[in-house]
1. Would you mind giving the average projected area, over all directions, of the Cα convex hull of the stretch 207-346 in nm² with one decimal?
2. Just going by the charge dipole of the stretch 124-191, with Lys and Arg at +1 and Asp and Glu at -1 on Cβ, which of ILE171, GLY146, GLN160 is farthest out on the positive end?
3. Mind checking the angle between helix 319-336 and the chain's longest principal axis? C-alpha axes, 0 to 90 degrees, to the nearest 10.
4. Could you compute the net charge surrounding LYS251? Neighbours are other residues with a C-beta less than 13 Å from the C-beta of LYS251; K and R count +1, D and E count -1.
5. In whole Å, what are the extents of the stretch 156-196 along the principal axes defined by its C-alpha atoms, from largest to smallest?
6. Across the chain, how large is the tail of the calculated P(r) beyond 35 Å, expressed as a percent of all Cα pairs?
7. Once the whole set of protein chains is in place, how much accessible area is left on HIS190, using a 1.4 Å probe, in Å² to the nearest 10?
8. Positive end of the charge dipole of the stretch 237-363 (Lys, Arg +1 and Asp, Glu -1 on Cβ, about the Cα centre): tell me which of MET337, MET322, SER237 has its Cα farthest that way.
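The values are calculated or read from the model by the stated rules, or taken from the named source; none is laboratory data. Since we're looking at a predicted model, the values are computed, not measured. Counting neighbours? That spans all protein chains shown, and the Cβs are built from the backbone with ideal geometry, glycine included. Ligands, DNA and RNA are excluded from the accessible area calculation, which covers all protein heavy atoms including side chains. Shrake-Rupley method; radii C 1.70, N 1.55, O 1.52, S 1.80 Å.
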Amino acid sequence: MALLVAIAVLDHTTEVSVSILSLAPVLITAWFFGGRAGVMVSVIAAVIWFVFDALSDLVGSHMPYRPWDAAIQFATFAIFALVIAKLKAALSHADERFATVLEGLDVMVYVADAASGELLYANEIFRKTFPDGQGLPALPPGRNEGEIHEAGRGRWFLMQVRPLRWIDGRIARLSIATDITERRRAEELHLQQQEKLALTARLVAVGEMATTLAHELNQPLAAIANYNMGCVQRLRSGTWEPAELVEAMEKGALQAERASGVIQRLREFVARRAPRLAACDINEVVRGVRSTIETEAGKHSVRLALALSERVPYVRADQTLMEQVILNLARNAIEAMADAPAGERELRILSRDGAGDTVEVEVADRGPGIDPEIEVRLFSPFLSTKPDGMGLGLHISRSIVEAHGGHLWVTRNGERGASFHFSLRSVYA
Ligand code: ADP
């Protein structure tokens with residue numbers, strides 16, 4: 001008010017026209033107290049100016065008083081006040097929008113002084129995560145992006161840092177930190193599973209190798225022993241023809257080569273076998289081993305019945321390894337029915353939608369069921385009740401299924417026999 005009076009006095013008592021300076025208090029008021037207050041100050045400014053104008057007219061100035069000038073002055077000031085108020089509202093709106101976005105982000109955004117490290121801004125999620133305002137460890141010098149481990153909370157963050165000139169002109173650092181702990185955990189788990197799978201695949205290969213070795217080496221070794229004994233006998237008897245001995249020894253050498261070929265082939269097989277995961281239809285896997293199972297079942301007078309539920313979802317699996325599981329379970333089932341009455345020997349393989357987005361396969365027999373003596377150790381390696389059993393089948397099968405993130409378990413098959421089940425998570429789960 002005093003300022004307005006001073007301006008009016010100056011305007012009327014000197015030659016200089018300073019009435020425009022009244023715009024300053026009008027604008028300041030409009031900026032800080034809004035458009036209405038600005039208009040009020042415009043009225044006051046115009047009235048004061050008009051009062052002094054009228055007074056100077058009364059005291060006999062050379063100028064007649066100018067009510068229209070006062071009105072125009074008021075209108076101009078009021079328009080400025082309203083525009084300023086609008087401008088301020090628009091500005092603060094823009095700020096608000098920006099702040100709402102930053103506060104709503106689930107990524108931490110914060111700004112710190114580049115020199116002192118003082119925190120200048122932090123969004124809500126940062127304030128919640130670090131109420132002490134301590135912030136995250138800095139990236140190694142020279143890097144502006146990287147993964148950081150925060151030991152206090154045991155969490156991982158992806159940090160991105162950019163230099164920034166802060167509103168007051170100082171140099172600051174804008175940091176964006178995304179919590180990637182879950183992603184890293186999932187990656188680690190995946191890696192562990194992959195490793196387990198690779199290991200299992202090798203185990204399967206070793207199991208196969210041991211069985212095949214036993215079968216395939218038996219013949220050449222027996223032949224070598226025969227040729228050898230033949231030579232020994234002839235040498236002992238003293239009636240030997242060099243040509244005969246050479247022939248027998250050559251044949252022995254050939255068999256030894258055959259044996260080493262077997263080992264070589266198996267070694268290559270073990271080295272090559274790496275698991276390959278792909279979406280697959282478990283029914284197709286079962287059908288793929290059907291003829292192999294039927295051949296073995298036929299030899300033991302076992303009937304094979306498939307009850308596959310159509311439209312089971314896909315699973316992510318290594319087809320060859322899953323075939324191995326089904327074959328192992330089917331072989332055990334066939335062998336378990338060796339003493340069952342011939343008419344009752346039925347092997348059933350079923351598939352169905354399992355609990356909780358899984359696909360379940362069941363291999364059921366009508367044998368004696370699991371011997372209670374070994375039930376708790378059923379899946380341990382080298383446990384076998386068969387004279388020529390290796391005791392690896394169930395152990396390997398369970399390892400394969402678990403390496404795929406699934407489960408393998410056994411139940412009673414109704415009144416008679418055992419049912420082995422395994423379930424795998426469906427691809428769409
Ligand atoms: P192997 O077949 O070489 O003995 P496995 O690990 O496949 O090795 O099986 C371990 C043992 O579990 C078998 O020796 C047998 O006693 C028991 N077993 C497996 N499947 C069945 C089944 N379907 N019914 C009864 N017992 C079974």
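1. 12.7 nm²
2. ILE171
3. It works out to around 40 degrees.
4. Around LYS251, the surrounding residues sum to -3.
5. If we take the Cα atoms of the stretch 156-196, the spans are 56, 12, 7 Å.
6. Tail of P(r) above 35 Å: 65 percent of Cα pairs.
7. Number for this one is 90 Å².
8. Checked the options; the winner is MET322.
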